[in-house]
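To keep things clear, I will list the structure first and then write my remarks on it.
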């Protein structure tokens with residue numbers, strides 16, 4: 001079947017992840033299940049309906065690690081298509097943010113996360129990281145990324161489209 005066949009089941013999965021750097025360390029988690037089980041990666045999860053992207057990443061990091069952060073910029077977008085038995089073709093999108101440390105010490109929720117900690121950059125090679133997390137830390141950390149812009153559409157557009165939350169990056 002063609003990807004554009006309108007009779008096929010199709011859906012999108014939108015997730016966010018965050019890289020928090022503090023005192024020459026990076027905040028990482030080890031998930032209790034899933035593709036990243038027994039490997040360290042950035043905290044994150046799915047965007048809830050009605051939530052902005054920045055709200056989602058700040059909430060996910062707080063839930064998984066107990067660390068309060070503020071999203072500063074979007075710097076990586078990962079996308080792939082996959083087949084799901086129950087959902088058909090899924091367009092899987094992950095938006096990765098740089099986040100600013102505000103407060104808190106890492107603690108685990110023991111539901112989704114087995115362990116959370118700030119790992120010193122000098123020790124990062126000693127940890128089993130997911131391939132994507134390692135690639136980003138080694139290659140993309142210094143990339144500037146896109147900042148959240150101070151823009152809101154005109155009121156008539158907000159009303160016409162029934163917009164709830166609007167974010168523009170550039």
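Looking only at the stretch 67-123, residues that are assigned to a strand (DSSP E or B) and surrounded by 12 or more Cβ atoms within 10 Å (Cβ to Cβ) come to 34 in all.
For the stretch 9-18, the condition of being assigned to a loop (DSSP other than H, G, I, E, B) and crowded, with 16+ Cβ neighbours inside 10 Å holds for none of the residues. Of 32, 72, 54, 65, all but one fail to be at pLDDT below 95, in contact with a strand residue (DSSP E or B) (Cβ under 8 Å, 6 or more places away or on another chain) and under 24 Å from residue 142 (Cα atoms); the exception is 72.
Between 134, 78, 117, 85, the distinction of being within 21 Å of residue 31 (Cβ to Cβ) and without any contact (Cβ under 8 Å) to a residue 40 or more places away in the chain belongs to 134 only.
The values are calculated or read from the model by the stated rules, or taken from the named source; none is laboratory data. These numbers were taken from a predicted model, which means no experiment stands behind them. Virtual Cβ from ideal backbone geometry, glycine too; neighbours counted across all protein chains shown.
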